[in-house]
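Q: Okay, handing you the structure first.
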Amino acid sequence: MRSSSLLLFFFVGVSGVHGGSDFRICAFNLHNFGDSKSKKTDVMQILVKVITRCDVCLLQEVRDSKGKALPELLKQIKRYDTRYEYQAVASERLGRTDSYQEQYVFVYRADTAVLTGQYQYPDALPGDVDAFSREPFVVRFKALKTAIKEFVLIPQHTTPTNATKELDALYDVLLHVKKKWKTQNVMLLGDFNADCGYLAKKNRKHVRLITDTELVWLIPEDMDTTVRSSTSCSYDHIVVYGATFNRAILPSSARAFDFQKEYGLTEEQALDVSDHYPVEVLLRVVNSRAFGAAASMAFTLQYITFVSSMVLGHLLLHI
Ligand SMILES: *[C@@H]1O[C@H](CO)[C@@H](O)[C@H](O)[C@H]1NC(C)=O
């Protein structure tokens, strides 16, 4: 019995090495995405290309006051990539004032990711500190091909001038969600404004999202996530909680996606799309065929062990 369990462990371990295409999670600040952007053909083409590289893509700064730009983007995504079915889930419009609101949107591939939960983190009660301009719209996905199977995403686009406080408050959201959904598998992602003038080095020790060593910041601190060649700031980030989630990440896969270089655009053309690069990370995918073979082999071994122990038991009884 012990040896077959060991073998099962071994085979599952081997099959855990990624096979096929990895699962890509992205976060993209679309910089004022609304009516006027949705009418620019070149811009939309790039957006569609970038978004369809991802299995799950968080969009931020969706400022679609007329409610037409987002449906148009989704329509063009579906038209561009007919191989897969794309779905989207969007938050309410969020913001401190009626005149400036943004939505969080998750676009995802229905064949690789299934939305299993959504939760709008509530605005502060009157009298309490209202930490966020845009409270996180938290989602949970089942992604059976990945090594992690199910995970929660907490998005955040911080207000630059309040970034330090908002990032610290995001830690409370993490604790809340872990408890609410009884999960350890949580990723926080988005335009955190966590660099340059907005998050001073001396303040970092006060941000629990940075000081808690259970959290791993995957985007390197020196990675430029801004398009402008005159700026080099690591604003956009992907952070995972816990060793299990971290093990499901393909090592060194987290990066900013330089769509300007990738698609041969001028800086001006790229800035028409956004002033941010998307950030992304790959989750290891469990090779289902190898997994199936290993599982059935292990089962067979266990069966053989079981039968032989029965036979042995019988023999012993009859001695
Ligand atoms: C910064 O946060 C405080 C609450 O902590 C809030 O009252 C203020 O409006 C925020 N500033 C901006 C620009 O959102």
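Quick note: the coordinates plus some simple rules give every number you see, no bench work behind them. As the structure is a prediction and not an experimental result, all values here were calculated from the model. All Cβ positions, even for glycine, are placed from backbone atoms using ideal geometry, and neighbour counts span all protein chains on display.
Q: Please list, in order along the stretch 59-76, the HN-Hα scalar couplings obtained from phi with the Karplus expression 6.51 cos²θ - 1.76 cosθ + 1.60 (θ = phi - 60°), rounded to whole Hz, x for Gly and Pro.
A: My calculation for the stretch 59-76 gives 9, 10, 6, 7, 10, 8, 5, 8, x, 10, 5, 5, x, 5, 4, 5, 4, 5 Hz in order.
Q: Sticking with this structure for a sec: With N set to the residue count of the stretch 117-156, report its C-alpha Rg divided by 2.2 N^0.38 Å to two decimal places.
A: 1.54
Q: Moving to a separate point now. Distance cut-off 19 Å, Cα to Cα: go down the list Lys179/Lys202; Lys142/Lys180; Lys68/Lys261; Lys145/Lys182 and report the pairs above it.
A: Correct reply: Lys179/Lys202; Lys68/Lys261; Lys145/Lys182.
Q: Something else now. Quick one: 3J(HN,Hα) in Hz for the stretch 185-199, Karplus 6.51/-1.76/1.60 with θ = phi - 60°, rounded, Gly and Pro as x.
A: Computed from phi, the couplings for the stretch 185-199 are 8, 10, 10, 10, 8, x, 7, 7, 6, 8, 6, 6, x, 8, 9 Hz.
Q: Run through the stretch 53-162 and list the GluC sites (Glu not before Pro) located in a DSSP loop whose Cβ has at most 16 other Cβ atoms within 10 Å. Intermediate values should be presented prior to the final figure.
A: Values: sites: Glu61, Glu72, Glu85, Glu92, Glu102, Glu150; in loops: Glu85, Glu92.
Those that pass, being in a loop and sparsely packed, are Glu85, Glu92.
Q: Using only the alpha carbons of the stretch 149-282, what is the convex hull's orientation-averaged projected area in square nanometres?
A: Hull-based average projected area comes out at 8.6 nm².
Q: Non-local amide H neighbours of Tyr86 (under 5 Å, H modeled in plane, Pro and chain starts lacking H): which ones?
A: Excluding prolines and chain starts, which carry no amide H, the hits are Ala110.
Q: So, R0 is 51 Å and r is the distance between the beta-carbons of Arg208 and Gln45; what FRET efficiency does that work out to, to 0.05?
A: The pair Arg208/Gln45 has a calculated efficiency of 0.80.
Q: So for the stretch 29-129, taking the charge dipole from beta-carbon charges (+1 Lys/Arg, -1 Asp/Glu), which of Val62, Asn29, Gln45 sits furthest toward the positive end?
A: Checked the options; the winner is Gln45.
Q: Still on this structure, I have one more. Over the stretch 24-183, what lengths in whole Å, largest first, do the semi-axes of the equivalent ellipsoid take, defined as the square roots of 5 times the eigenvalues of the alpha-carbon gyration tensor?
A: Calculated on Cα positions only, the semi-axes equal 26, 22, 12 Å.
Q: With each pseudo-label sitting 7 Å past Cα toward Cβ, what's the Asp128-Ala200 distance in nm, one decimal?
A: It is 2.9 nm.
Q: Sticking with the crude label model, points 7 Å out along Cα→Cβ, report the distance from Ala243 to Thr116 in nm, one decimal please.
A: In this crude spin-label approximation the distance works out to 2.3 nm.
Q: Now for a different question. Evaluate the distance, in nm, between pseudo-label points positioned 7 Å from the Cα of Glu267 and of Lys180 along their respective Cα→Cβ axes.
A: About 4.2 nm, to one decimal.
Q: From the phi of every residue in the stretch 160-168, what ³J(HN,Hα) in whole Hz does the Karplus formula 6.51 cos²θ - 1.76 cosθ + 1.60 yield, where θ is phi - 60° and glycine or proline is x?
A: Going residue by residue, I get x, 6, 10, 4, 4, 5, 5, 5, 5 Hz, with x marking Gly and Pro.
Q: Continuing with this model, one more query. Once Lys and Arg get +1 and Asp and Glu get -1 on their Cβ, which of Gln120, Ala200, Trp217 lies farthest toward the positive end of the dipole of the stretch 91-229?
A: It is Trp217.
Q: Taking the Cα atoms of the stretch 233-278, report the difference between the largest and smallest coordinate on each principal axis, in whole Å and largest first.
A: Here the spans come out as 41, 18, 14 Å, largest first.
Q: Starting with the fewest neighbours, write out His276, His206 ranked by other beta-carbon atoms found within 10 Å of each beta-carbon.
A: Ranking His276, His206 by Cβ neighbours within 10 Å, fewest first, gives His206, His276.
Q: For a quick check: with amide H placed at 1.01 Å from N, whose amide H comes under 5 Å from Asn32's, ignoring anything fewer than 5 positions away on the same chain?
A: none
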